[in-house]
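Down below is the structure, laid out as structure tokens.
No lab work stands behind these numbers, since they all come straight from the coordinates. Predicted model only: the values in this text are computed from it and were never measured. Glycine gets a Cβ as well: all are built from the backbone with ideal geometry, and neighbour counts include every protein chain shown.
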């Protein structure tokens, strides 16, 4: 029971510490009234011109999405190759051919996705 009491004490102290910091900042922080100049967007010391609501080309999003898919899937290859190395050494009773076939199928799916994206001309930058 004492373990739960210790957890409760630390939770209470954490809540008091965080709440006290927020309350203290509310009490002593300087404030200025909300003016149009204060609420205006500011970037690189330039006055904003026009609306911030512009449309980007879909190609940018597709290119970024394809990059993320292949980047994350490339990261999944590292544990697979470590497993293949262990299987080649005879560890865990794994057959190296089975691991190689699984990794080969994974790479084949990646290659098929790349060929599909290439044929749809998603990778061409305009």
Of the range 84-113, those with amide N under 20 Å from the point 7 Å along the Cα→Cβ vector of residue 77 are 84-88, 96-113
Over the chain, with a Gaussian network built from C-alpha contacts below 10 Å, which listed residue (53, 37, 85) shows the highest mean-square fluctuation? 37
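Given Cα positions, please report Rg to Rh for the range 58-119, the hydrodynamic radius being the Kirkwood one. Provide the component values of the computation, followed by the final result.
On the way: Rg = 14.8 Å, Rh = 13.0 Å.
Here Rg/Rh amounts to 1.14.
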Take the chain, connect every pair of alpha-carbon atoms lying under 10 Å apart with a spring to form a Gaussian network, then pick out the residue of 16, 115, 58 with the largest mean-square fluctuation. 16
What distance in nm lies between label points placed 7 Å from Cα along the C-beta direction at residue 40 and residue 88? 6.4 nm
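If we count other beta carbons within 10 Å of each Cβ, what is the order of 9, 99, fewest first? Write out the running numbers ahead of the final one.
Working: 9 10, 99 19.
Placing the least packed residue first, the sequence is 9, 99.
First check a/c for the chain, with a ≥ b ≥ c the square roots of the eigenvalues of its C-alpha gyration tensor; if it is under 1.5, answer rounded, and if not, answer prolate when a/b is larger than b/c or oblate otherwise.
Numbers: a/c = 5.39, a/b = 1.33, b/c = 4.05.
In terms of gyration-tensor shape, oblate.
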If you build a Gaussian network model of the chain, linking Cα atoms that sit under 10 Å apart, which residue out of 22, 66, 49 swings the most? 22
